[in-house]
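This report refers to the structure that appears directly beneath it.
The values are calculated or read from the model by the stated rules, or taken from the named source; none is laboratory data. Since the structure is predicted, the reported quantities are computational estimates derived from the model, not experimental observations. Heads up, the Cβs are rebuilt from the backbone with ideal geometry, glycines too, and the neighbour counts pull from every protein chain shown. For the accessible areas, the whole protein counts, side chains as well, though only heavy atoms, and no ligand, DNA or RNA atoms are used. Shrake-Rupley method; radii C 1.70, N 1.55, O 1.52, S 1.80 Å.
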Amino acid sequence: MSEIGYVISSSGDDLSFVLNPGENVRRWDYVSVFNNGEIIGRIISIESRSQLVDLNTDYKSMKRYIENNINDSTNICHVQILGHVVNDNVRNSREIINIGTPVYLSNSDTLSRIFSFNDEESLKIGKLMDSNIDVSININGLRRHVAILAQTGAGKSHTAGVIIEELIKKGVSVIVLDPHADYVFMKKTHDDKIYNENVMVFRTPMSTGRYGSEVGIVNTFTIRFQDLNQEDLCGIMDINESWANLTGIVNDIFDNMKGQHDYDDFMETAKSLGENYNKIRNRLRYLEKIKGVFSNKSTGINDYLSPGRLSILDLSGLDEYLADYFAWRILNTVYDAKFSNDFKYPVFVVVEEAHRFVPPRERGRTKTGEIIKKIAAEGRKFGIFLIVITQRPGKIDQDVLSQCNSQIILRITNPADQNAVINSSESITEYIIEDLPSLDIGEAVLTGEFVKMPCIVKIRNRETRAGGSDIDIISLLRMARDEIDSMNDPRKIKERNKKLLGDL
Ligand SMILES: Nc1ncnc2c1ncn2[C@@H]1O[C@H](COP(=O)(O)OP(=O)(O)OP(=O)(O)O)[C@@H](O)[C@H]1O
């Protein structure tokens, strides 16, 4: 370990040291001091000071100093103390650090041990920024849920995909609510091989995501009309519990059905209700529009929940009521299975675009939001955990966000979103927020229960194929220009005319 400076001031939570002029450090480097063992911290800012030069120095004086090789600048590094290193863990430190204590760059072996866990516990997600040190997160640390927060395009779904890959390697059951069909390609590797036979895509008859055999077998998630009760049907038709009038009419229809209790029976019975039919007509028209979701079989829990299975529910293109109903139906069934211990093993629920499913109270309630809140509050007792993903941290129910005790935060430049992030958890400090705008795509701050101390990580490459990446405008424009050239090519024009008119 080489000494890089001396402490010149310290308080309980931070210290400053003067840097040896021959040394070079960067923000987020880890440094150590020794007092009753190793105390580790990270450089949060570096300041250059000079007795001769200040903001009033004019150009001529500065030029003279440079020409005469006069340089009295000193670099002062400000460090956030993270804790005492004890058995490869980081514990709160209560030691006083004396002025003059030597400061060292932390040893990379020590960092490697701090950022790793034993194999059974560890999910390998990337490398410590600007280094070759592997960073893992602790699967036990996910018990109190995870939030993945970032602005659009920063790498949220890429990161979630990496965590899902690691989870299914460990035998975890994962359910993904996928509003844009971004995860449906996870059955395959980049070179089109099967990644894992236990990856299943469920598509509702009304999903609009465009993909074909490249995702493997696609299962249709359907509902048997006879399996629905009044409450389910009101949910599908977006009839709020508080609209007693309309819920009463749905009950009436149910009570008067005399046939098969199927969709046709329901509609026929509704028509026979006279005045009430007119009152509920709009909602029935909606039901008619989406009748494709009904089939003679309901997709059951055994189809989408089994050990090590990744089930992706493609909700692309569905309107908000229908997406809400399908998502609720699955989560509610899974929650019941966990609550009653019918399914013993841990389940992770990945909620993409979480602000759509669980908006803040003042923006209205969704059925899925209610069950997500329940999982956030109590899921850990029954072994059901959340990975909540959003680019709008201020537009999601704040209770759910604050129940997430681990955070993965990628690039965020918008001050309102930064504020929402800082309010969401005590482990997120001003220092972390300051770093967010300068992160590149795929670089993330990890903080909270699943790591021993905060760090910035370059998230590793995906083993599975990703969807939803930005379109490649340049290559599409190249194709467009080729098409224009071919339209104007006299030989091609002749060929086309010949095809059209034959040999005249
Ligand atoms: N760690 C990474 N390594 C390599 N490429 C990455 C990484 N993270 C993200 N990318 C790439 O950056 C692009 C955007 O990533 P991604 O789709 O995950 O962002 P997002 O935050 O989910 O965006 P959106 O909000 O639009 O869904 C993708 O092309 C993805 O492959």
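Using helices alone, I'd like the mean residue ellipticity at 222 nm for the chain: each DSSP H run of four-plus residues gives -39500 (n - 2.57), total over residue count, nearest 500.
Here the helix-only value at 222 nm equals -10000 deg cm²/dmol.
In whole Hz and in residue order, list the ³J(HN,Hα) couplings for the stretch 111-127 that follow from phi through the Karplus curve 6.51 cos²θ - 1.76 cosθ + 1.60, θ = phi - 60°; x for Gly and Pro.
5, 4, 6, 5, 8, 10, 9, 5, 3, 5, 8, 9, 10, 8, 10, x, 10
Which entries in the list LYS124/LYS458; LYS271/LYS367; LYS124/LYS169 go over 21 Å, if you measure between the two C-alpha atoms of each?
In this structure, LYS271/LYS367 exceed 21 Å between Cα atoms.
How much of the accessible area of the stretch 229-286, probe 1.4 Å, is carbon plus sulfur, in whole percent?
That fraction is 41 percent.
Please turn the phi angles of the stretch 11-20 into ³J(HN,Hα) values with the Karplus equation 6.51 cos²θ - 1.76 cosθ + 1.60 (θ = phi - 60°), one per residue in order, whole Hz, x for glycine and proline.
Running phi through 6.51 cos²θ - 1.76 cosθ + 1.60 with θ = phi - 60° gives 10, x, 9, 8, 9, 10, 9, 8, 8, 4 Hz.
If I model a spin label at SER11 and ILE473 as a point 7 Å from the Cα along the Cα→Cβ vector, what separation in nanometres do I get?
Here the answer is 4.7 nm between the modelled labels.
Each residue of the stretch 61-71 in turn: what ³J(HN,Hα) in whole Hz from Karplus with 6.51, -1.76, 1.60 and θ = phi - 60°, glycine and Pro shown as x?
Rounded to whole hertz, the list is 4, 4, 4, 5, 4, 5, 4, 9, 6, 9, 8.
Under the rule of at least 5 residues apart or a separate chain, name every residue whose amide H is placed under 5 Å from the amide H of SER316.
Distant-sequence amide H within range of SER316: ALA181, THR208, GLY209.
Expressed in nm to one decimal, what extension gain is obtained for the pair MET257 and VAL53 from 0.36 nm per residue of sequence separation less their Cα-Cα distance?
That pair, MET257 and VAL53, stretches by 64.6 nm at full extension.
So between LEU501 and ASN296, what do we pick up on full extension, going 0.36 nm a residue minus the alpha carbon distance?
68.6 nm
Find the eigenvalues of the gyration tensor of the Cα atoms of the chain, then list the square roots of 5 times those eigenvalues as equivalent ellipsoid semi-axes, largest first, in whole angstrom.
53, 32, 22
State the percentage of accessible surface on the stretch 3-114 attributable to carbon and sulfur atoms; use a 1.4 Å probe and exclude ligands, DNA and RNA.
C and S atoms contribute 44 percent here.
Among the DSSP beta bridges whose two residues both lie in the chain, what percent are antiparallel, rounded to the nearest 5?
60 percent
May I ask you to list the lysines whose Cα is less than 26 Å away from that of LYS374, ignoring any residue fewer than eight positions away on the same chain?
By straight Cα distance, LYS374 reaches LYS156, LYS170, LYS338, LYS344, LYS395.
Give me the one-decimal nm value for the distance between modelled label points at ASN198 and ILE66, 7 Å along each residue's Cα-to-Cβ direction.
Once both label points are built, they end up 6.3 nm from each other.
With every protein chain present, what is the per residue accessible area of the chain (1.4 Å probe, Å²)?
I get 51 Å² per residue for this part.
Label VAL86 and THR152 with points 7 Å out from Cα along Cα→Cβ: what is the distance between them in nm?
Rounded to a tenth, the inter-label distance reads 4.8 nm.
If I fit a long axis through the Cα atoms of helix 244-256 and take the longest principal axis of the Cα atoms of the chain, what angle between them do I get, 0 to 90°, rounded to 10?
Taking the Cα atoms of the chain, the angle to 244-256 is about 50 degrees.
Over the stretch 30-116, what relative contact order in percent results from Cα pairs under 8 Å that are six or more residues apart?
Reported as a whole number, the value is 39 percent.
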